[in-house]
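Report on the following structure.
The values are calculated or read from the model by the stated rules, or taken from the named source; none is laboratory data. It should be emphasised that the depicted structure is a prediction, and the values quoted were computed from it without experimental measurement. All Cβ positions, even for glycine, are placed from backbone atoms using ideal geometry, and neighbour counts span all protein chains on display. Calculation scope for accessible area: heavy atoms of the full protein, side chains included, ligands and nucleic acids excluded. Shrake-Rupley method; radii C 1.70, N 1.55, O 1.52, S 1.80 Å.
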Amino acid sequence: MQYKKRLKICLPIVLMLCCWLSSMTAQTRYFGELGILGGGSFYNGDANSTKVFLEPHLAFGGLLRINLTNRGVLKINVIRGAVSGDSRNMDNALPGGVFAEFEREFWDVGLHFEHNFFKYGIRTWDREVKRHTPYILLGPGITIYDEWRGTELTFNFTYGVGYKFKFGKRFNLGLEWSMHKLFIDDFDVTNKDNKILDDPYQMGYSWIKNNDYYSTVFLFLSVDLIRKKSKCNVLQF
């Protein structure tokens, strides 16, 4: 009987002490990240059908990540980039032996879901949490650019891969490469001289084929925002 009374008194104290100690070393959790990014962008389409990293241009912008779990992240990014192409750089010639070239600037606004391969964060009691992780991403986006008829807005679908590393308690450094599939074939048409780049082989196009792409490759630096409060559950007697 005495043993049960002592256990009933000591156990809550031990649990509270363990909770306090764990709160001192628990994984720091934040609602999200805010960061900047910089790198390059390039184009794939009728003026460059297969080659990657051809005619790269400067790209820069910002990002906001919202941590759903330590593996699932919702990311919003805004990127300013440019692309260009010259059909003379291709192995295949355009119909009639003609050539065409173009250059275009654009804005990209994306809403992407990222999946971390590892639990990402500051490693503490959970041995599965790591300070680095590769990840994949996919999601919709909006591409905004100037057209000869005015400002144009079109949707894109983005997919890609990345790798990030946490240094310090709140800072993140990473590298990301993503492909942005457009649902149009005249992204590379900027004037009447390169209008042939809109379906040059007269094959027709749909939302799944014969469309233009652009890619972005960048480094990013972000800081964790808004720390979550740790919770401790104590047994009730």
* To do: Can you give me the number of residues within the stretch 65-81 that are open to solvent by 10 Å² or more (accessible area, probe 1.4 Å) and under 30 Å from ASP188 (Cβ atoms)?
  => 3
* To do: Look at GLY32 and say whether it is in a strand (DSSP E or B) and either at pLDDT 95 or above or buried (at least 21 other Cβ atoms within 10 Å of the Cβ) (or both).
  => no
* In the list ASP126, ASP108, which residue meets the criterion of being touching a residue at least 40 places away in the same chain (Cβ under 8 Å), among the charged types (D, E, K, R) and within 23 Å of LYS166 (Cβ to Cβ)? -> ASP126
* Asked: Yes or no: SER84 polar (S, T, N, Q) and modelled with pLDDT of 85 or more?
  -> yes
* **Criterion (in contact (Cβ under 8 Å) with a residue 40 or more places away in the chain, surrounded by 14 or more Cβ atoms within 10 Å (Cβ to Cβ) and either in a strand (DSSP E or B) or of a type outside the set (A, V, I, L, M) (or both)) met by exactly one of THR133, THR154, THR158** => THR158
* **Matching option when the condition is small (Gly, Ala, Ser) and either in contact with a Ser or Thr (Cβ under 8 Å, 6 or more places away or on another chain) or modelled with pLDDT under 85 (or both), among SER222, SER215** => SER215
* Evaluate the following for VAL52: is it open to solvent by less than 60 Å² (accessible area, probe 1.4 Å), on the phi < 0 side of the Ramachandran plot and of a type in the set (Val, Ile, Thr)? => no
* Collect the residues in the stretch 139-181 that are over 28 Å from TYR30 (Cβ atoms) and polar (S, T, N, Q), keeping them in residue-number order. => THR143, THR151, THR154, ASN156
* To do: State which residue is farthest from the chain's Cα centre (by Cα) when the search covers only the stretch 186-201 and only residues that are at pLDDT 85 or above and either open to solvent by less than 10 Å² (accessible area, probe 1.4 Å) or more than 12 Å from ARG104 (Cβ to Cβ) (or both).
  => VAL189
* Based on what the data block shows, is PHE106 open to solvent by 70 Å² or more (accessible area, probe 1.4 Å), within 22 Å of ILE184 (Cβ to Cβ) and not charged (D, E, K, R)? -> no
* **Count of residues meeting criterion [assigned to a strand (DSSP E or B), open to solvent by 70 Å² or more (accessible area, probe 1.4 Å) and at pLDDT below 95] in the stretch 136-151** => 2
* To do: Within the stretch 161-185, track down each residue that is outside any strand (DSSP E or B) and open to solvent by less than 10 Å² (accessible area, probe 1.4 Å).
  => ASP185
* Which members of the stretch 99-131 meet the condition of being farther than 17 Å from ASP224 by Cα, under 17 Å from the mean Cα position of the chain (by Cα) and of a type in the set (Phe, Trp, Tyr)? -> TRP107, PHE113, PHE117, PHE118
